[in-house]
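The values are calculated or read from the model by the stated rules, or taken from the named source; none is laboratory data. As the structure is a computational prediction, the values presented were derived from the model and not from experiment. Because the Cβ atoms are built from the backbone with ideal geometry, glycine has one as well, and the counts that use them run over all protein chains shown. The accessibility values were calculated without ligands, DNA or RNA, using every heavy atom of the protein model including side chains. Shrake-Rupley method; radii C 1.70, N 1.55, O 1.52, S 1.80 Å.
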Amino acid sequence: MTDTARTNLLDLDRAGLETFFSAHGEKPFRATQLMKWVYGHGVADFAAMTNISKALQTRLQQLAEIRLPEVAADSLSDDGSRKWLFRLADGNCIETVFIPEADRGTLCVSSQVGCALNCSFCSTAQQGFNRNLTSGEIIAQLWMAAHLLGQRGEGERIISNVVMMGMGEPLLNYDNVVRAMRLMLDDFGYGLSKRRITLSTAGVVPMIRQLREDCDVSLAVSLHAPNDALRNELVPLNRKYPIRELLDTCREYVGEGRRRVTFEYVMLAGVNDSDQHARELVQCLSGVPAKINLIPFNPFPQTRYLRSSNNRIHRFFEILNQAGIVTITRKTRGDDIDAACGQLAGQFQDRTRRRERSQSANKVSPV
Ligand code: SAH
């Protein structure tokens, strides 16, 4: 049993830690001292924090904890990517993926246990939803990955980039996600620049506006369709925030600078991958500072979709490219360990009973 009376210090950003220490009669500088140990050196044991007095170490052991998940599974893909299943204090499990590349190491972080949205092509959606992650559970994914990858403190950066693209819709767990991202950005946290953190959303318009004010990291938007009729089917949230409104908000997000929004577009055979769809997409994005990531669909059990052929993806790519839109086709990584986009499933109790409902209706029902 976890002692919930103790404060999980991973739930506090720098300002929160300062308040915590002040409330216990300590100087606010203790906050950065503690952060250096926890995030810089990967130390979670108060007794090992040698520049903190024995008396304060003992008080911290009574009042606080660094609550980390257990490793429930650890799988390594042939391509070097690695997926962990982390078991949280309440028994729910979430997935986190590390993707090494020549010039970077990207950690794909989850924001919720399951997902409340119901995108028809996503495996997490099929699993249903349980709850939001706390900010401590979000930042603990970085701590655990750094630890398990053997990252040492003092400037070593095995994890150079973070993408909020794991399980869940980050903008529907806004406060906790922003607090965790502040720790990723903090010089005494993980010291990442805003360019190196990307938040991916299905398009929660008011929260994109809010994010611009609070923590304007790089933005990725799961577009997947060039018109509302099709997008309503694939991303039911579109009924609430249709494409035009979403794209206007994206334009505001990046403003006049040189930044662009990344639009993710999953390639589903015979659904959204024709030449006509590509041309419509070009039109739809005109005037929006955009990059496009084409993601070959990653299948999962009981899906009704198929991945577009390589030729089709190539042709689609060419149309976008010729129209002058920076486009990349995302390499599928870790599909042998079910770690690719949209394959993260975790292990948790589905409070929405979505799977049951969709099986009895024998189709995936919209929100
Ligand atoms: N809720 C956020 C974060 C999920 S990110 C969002 O919608 O953006 C995961 C990315 O993988 C999203 O772009 C999502 O649309 C995409 N994705 C989901 N299922 C997929 C699948 N089966 N194959 C390929 N990409 C998928």
Is at least one residue of the stretch 244-265 over 22 Å from residue 216 (Cβ atoms), in the same structural domain as residue 127 (by TED's automatic domain parsing) and touching a Lys or Arg at 6+ places or on another chain (Cβ under 7 Å)?
no
Determine which single condition residue 127 fails, assuming it passes every other condition in (1) over 20 Å from residue 354 (Cα atoms); (2) more than 11 Å from the ligand (Cβ to nearest atom); (3) open to solvent by 10 Å² or more (accessible area, probe 1.4 Å).
(1)
Which of (1) modelled with pLDDT of 95 or more; (2) open to solvent by 10 Å² or more (accessible area, probe 1.4 Å); (3) within 15 Å of the ligand (Cβ to nearest atom) is the odd one out, the single condition residue 332 does not satisfy?
(1)
Is there any pair linking a residue in the stretch 36-63 that is touching a residue at least 40 places away in the same chain (Cβ under 8 Å) to one that is open to solvent by 30 Å² or more (accessible area, probe 1.4 Å) and assigned to a helix (DSSP H, G or I), with Cβ under 8 Å and at least six apart or on different chains, and which?
42/147
Neighbours by Cβ (under 7 Å, 6+ apart or cross-chain): first from the stretch 311-324, closer than 13 Å to residue 293 by Cβ; second among the β-branched types (Val, Ile, Thr) and open to solvent by 50 Å² or more (accessible area, probe 1.4 Å)
313/329; 317/329
Step by step: first the residues of the stretch 261-277, then only those that are closer than 20 Å to residue 341 by Cβ and away from the ligand (no atom under 13 Å from the Cβ), then the one that is most open to solvent (accessible area, probe 1.4 Å). Which residue is that?
270
Anything in the stretch 184-229 that is in a loop (DSSP other than H, G, I, E, B), within 16 Å of the ligand (Cβ to nearest atom) and closer than 21 Å to residue 119 by Cβ? List them, or say none.
202, 203, 204, 223, 224, 225, 226
Test of understanding: among 272, 311, which residue is farther than 18 Å from residue 124 by Cα and in a loop (DSSP other than H, G, I, E, B)?
272
Matching residues in the stretch 201-260 (of a type in the set (Gly, Ala, Ser), open to solvent by less than 40 Å² (accessible area, probe 1.4 Å) and within 26 Å of residue 296 (Cβ to Cβ)) number 6
Would you mind listing the strands (runs of 3 or more DSSP E) fully within the stretch 46-154 where at least 2 residues are among the polar types (S, T, N, Q)?
129-132
